[in-house]
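K.L.:
The structure follows.
The values are calculated or read from the model by the stated rules, or taken from the named source; none is laboratory data. Remember, predicted model here, so these are calculated numbers, not experimental data. Using ideal geometry, Cβ is built from the backbone for each residue, glycine included, and neighbour counts are taken over all protein chains shown.
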Amino acid sequence: MTNNYLIDMDGVLVRGRTMIPGADQFLERLRTAEAKFLVLTNNSRFTPRDLAYRLSMAGLNIPPESIFTSALATALFLKSQRPEGKAFVIGESGMTTALHDVGYIITEHNPDYVVLAETETLNQDLFTKAIQLVINGARFIATNPDPSGPSEKGIVPGAGALAAMIESASGKKAFYVGKPNPLMMRTAIKYLGVHSADTIMVGDRMDTDIVAGVQNGMGTILVLSGITRREDIDHFPYLPTHVYESVADIYP
């Protein structure tokens, strides 16, 4: 049986705006094998359409419908919890578009939720408003717990680091939707229409990608083209099913 694949993006297929060598051939092998795959990313700054264009500029042909972000997972979660609700959002177009697409209103007036996603604009007034809304009863949702993430400028604060500021000031903990939360993995598997037992998670981080795969009963492949180094593996209480230098070495 051909396996299905959930594939992390940053550090696995691309590094910044540059394709990791062999990533295009890996995707072509998946298509030839008729394997279903989904590019799964905690990156919530961009819409799938934006990401598809950025990936095409790096030489990777991946349609928007094959890209699943933590923003999409967050929007689908909120829709399932409180359809047609209201949210105050700190984030970029990837997050706001996903919420609009599921029928949400974005407002600072009595929102049901404060939603925090990655942003490179650290506006103190916005964060102060978010803190006040959370203190006054808005539920606090964050797209993912990543403390940092890559950008064209280098490492930047991730949603987890930004959420910590609101958590500390408000005394309220966020609910994190993205990896390694099993919720995002289950949502992605449902979106792809496959079963976890027939799916492999490919990622470059032991603390998000691999643990998420392990917790959801999937096979896992750690690639060493991103964050985790080979010597880091033994620091974790779980192991990947396979370890490769990059996706160039993966044959479905």
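K.L.:
Of the conditions (1) under 18 Å from Pro157 (Cβ atoms); (2) at pLDDT 95 or above; (3) not in a helix (DSSP H, G or I), Met95 clears all except one; give me its number.
P.N.:
Status for Met95: all satisfied but (3).
K.L.:
Is at least one residue of the range 19-27 within 23 Å of Asn181 (Cβ to Cβ) and part of a loop (DSSP other than H, G, I, E, B)?
P.N.:
Within the range 19-27, the first condition is being within 23 Å of Asn181 (Cβ to Cβ), and the residues that meet it are none.
Checked against the condition, which is being within 23 Å of Asn181 (Cβ to Cβ) and part of a loop (DSSP other than H, G, I, E, B), the range 19-27 yields no hits at all.
K.L.:
Another one. How many residues are in a helix (DSSP H, G or I) and touching a helix residue (DSSP H, G or I) at 6+ places or on another chain (Cβ under 6 Å) when one looks only at the range 160-204?
P.N.:
Going through the range 160-204, the residues in a helix (DSSP H, G or I) turn out to be 160-170, 182-192, 196-198.
Then drop every residue that is not touching a helix residue (DSSP H, G or I) at 6+ places or on another chain (Cβ under 6 Å), which leaves 166, 169-170, 182, 184-185, 187, 189, 196.
Counting residues in the range 160-204 that are in a helix (DSSP H, G or I) and touching a helix residue (DSSP H, G or I) at 6+ places or on another chain (Cβ under 6 Å) gives 9.
K.L.:
Looking at the range 98-122 only, could you name the residues that are of a type in the set (Gly, Ala, Ser) and in a helix (DSSP H, G or I)?
P.N.:
To start, the set of residues in the range 98-122 that are of a type in the set (Gly, Ala, Ser) comprises 98, 103, 117.
Ala98, the sole residue that qualifies.
K.L.:
Residues Gly226, Gly217: which one is surrounded by fewer than 18 Cβ atoms within 10 Å (Cβ to Cβ) and in a loop (DSSP other than H, G, I, E, B)? Reasoning before the result, please.
P.N.:
Numbers: Gly226 fails: surrounded by fewer than 18 Cβ atoms within 10 Å (Cβ to Cβ).
None of the others qualify; the one that does is Gly217.
K.L.:
In the range 98-122, which residues are surrounded by fewer than 18 Cβ atoms within 10 Å (Cβ to Cβ), touching a helix residue (DSSP H, G or I) at 6+ places or on another chain (Cβ under 9 Å) and closer than 25 Å to Ile155 by Cβ?
P.N.:
Leu122
K.L.:
Sticking with this one: What do you reckon, is Ile210 part of a helix (DSSP H, G or I), more than 17 Å from the chain's Cα centre (by Cα), free of Cβ contacts under 8 Å to residues at least 40 places away in the same chain and closer than 22 Å to Pro145 by Cβ?
P.N.:
Here the answer is no, as Ile210 does not meet what is asked.
K.L.:
Then there is this: Restricting the search to the range 123-142, which residues are buried (at least 22 other Cβ atoms within 10 Å of the Cβ) and in a loop (DSSP other than H, G, I, E, B)?
P.N.:
Ala138
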